[in-house]
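The values are calculated or read from the model by the stated rules, or taken from the named source; none is laboratory data. All figures in this text were calculated on a predicted structure; none of them were measured in a lab. Ideal geometry is used to build each Cβ from the backbone, glycine not excepted, and the neighbour counts take in all protein chains shown. Quick note on the areas: whole protein, heavy atoms, side chains included, nothing else; ligands and nucleic acids left out. Shrake-Rupley method; radii C 1.70, N 1.55, O 1.52, S 1.80 Å.
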Amino acid sequence: MRLDVNPAIAGSLESRILSSAILIEIPYHKHSSDLFAKIKHLEHAVWLDSCFPDGFKGRFDIMAAEPIEVIEGEDLSVLNRVREAIKKHFPAATRPDPDLPFIGGAIGYLSYDIANNALSVEAQEKQAINFHTSCVGIYPWTVVQDHRRRRCLLVCSPSLTQQAREQVKQRFTSNITLQQHATPTLGAPFKATISADRYRHDFERIQAYLTAGDCYQVNYTQHFSAPFYNDPWPAYQVLRHTAKAPFSAYFNTAAGTIMSVSPERFIKLHGRHVETRPIKGTQARHHDPFID
């Protein structure tokens, strides 16, 4: 039997194969913390945590480490650098499973100060910790836990060699005894970095803006700080168990560890659908379009 293949079609098929993420099944864990504990010490390890099973609203847990590039900056130009890095490391990447929320790429943070820098707004207080205004890692592999389907996948970029993929898989499937960690300790109680008088002054000023109609909502926050010793990992496990927030995160950066717990989703894009789930300043939609 003879088989003739159009070279143009063959080239197209080869391109699809090379750009499609590689999926490797690994054992599912009800508690994703057991998996992340195996890689939390790695460079820029990050866990987007649904708090399952303590919380019930999250479906996916996403974890990654060892980015091929780390992008840090103090202004919005960092977004262009992230886009260029995605184009460079993930050209024409395709999603092999439509249910997968992430197949590798960019994970990181942008602080509120990045908007202040873009608008030339001077910060009122100096940062107590020397974090960059933004930090984004470009990750060639990720582990995705799907708690609805009770499935766990190691998702690798085609650029990773087979040997590299096996090394990553081995980290998650080996029966290495996890190291015991020293108990996290505060060197002193948390302390506000602004005075009570300053807080009252700011609050009264905000009330005046609201009454005058100059604004309709102000999210006024204050910063608390305390010295901390030992590994933050056990502290995060207690925090996530207590808060049960479906949009939590643990991010191990060069400057320090970020532990975040949030009950609200800022934005989710799925095809042409956009979803946001804030917890303040909202109420149910009204059936009357005029009132709505």
Check: In this structure, does ARG285 turn out to be basic (Lys, Arg), assigned to a helix (DSSP H, G or I), out of contact with any strand residue (DSSP E or B) (no Cβ under 8 Å at 6 or more places or on another chain) and open to solvent by 100 Å² or more (accessible area, probe 1.4 Å)?
Finding: no
Checklist line | the range 95-112 residues that are of a type in the set (Lys, Arg), paired with ones that are in a strand (DSSP E or B) (beta carbon under 9 Å, 6 or more apart) | finding: ARG95/SER20
Notebook entry, point to check: of a type outside the set (Phe, Trp, Tyr) and modelled with pLDDT of 90 or more: does that describe ALA65?
Noted result: yes
Check: Does the range 275-285 contain at least one residue that is out of contact with any Phe, Trp or Tyr (no Cβ under 6 Å at 6 or more places or on another chain) and at pLDDT 85 or above?
Finding: yes
Item checked: Top-ranked residue in the range 157-177 [being open to solvent by 80 Å² or more (accessible area, probe 1.4 Å) and at pLDDT below 90; ranked as farthest from LEU42 (Cα to Cα)] -> SER159
Item checked: All strands (runs of 3 or more DSSP E) inside the range 18-117 with 1 or more residues being open to solvent by 50 Å² or more (accessible area, probe 1.4 Å), out of contact with any Pro (no Cβ under 7 Å at 6 or more places or on another chain) and of a type outside the set (A, V, I, L, M, F, W, C) -> 22-26, 69-73
Check: Does the range 224-245 contain any residue that is over 27 Å from PHE52 (Cβ atoms), polar (S, T, N, Q), out of contact with any Asp or Glu (no Cβ under 6 Å at 6 or more places or on another chain) and loosely packed, with under 10 Cβ neighbours inside 10 Å?
Finding: no
Next item on the list: Quick one: LYS268 ticks every box in (1) at pLDDT 90 or above; (2) surrounded by 11 or more Cβ atoms within 10 Å (Cβ to Cβ) except a single one, so which number is it?
Entry: (1)
Margin query: I'm checking my understanding of the structure. Among residues of the range 246-261 that are within 9 Å of the chain's Cα centre (by Cα) and open to solvent by less than 20 Å² (accessible area, probe 1.4 Å), which one is farthest from CYS135 (Cα to Cα)?
Written below: SER248
Check: Has the range 226-245 got at least one residue that is of a type in the set (Val, Ile, Thr) and not in a loop (DSSP other than H, G, I, E, B)?
Finding: yes
Notebook entry, point to check: Do you know which residues across the range 190-222 are closer than 26 Å to PRO278 by Cα, in a loop (DSSP other than H, G, I, E, B) and open to solvent by less than 80 Å² (accessible area, probe 1.4 Å)?
Noted result: GLY213, CYS215, VAL218, TYR220, GLN222
Checklist line | the range 202-229 residues that are more than 30 Å from GLY187 (Cβ to Cβ), paired with ones that are open to solvent by 80 Å² or more (accessible area, probe 1.4 Å) and not in a loop (DSSP other than H, G, I, E, B) (beta carbon under 8 Å, 6 or more apart) | finding: CYS215/TYR209; VAL218/TYR209
Next item on the list: Say whether the condition of being surrounded by fewer than 11 Cβ atoms within 10 Å (Cβ to Cβ), of a type outside the set (Lys, Arg) and closer than 28 Å to PRO227 by Cα is met by at least one residue in the range 126-145.
Entry: yes
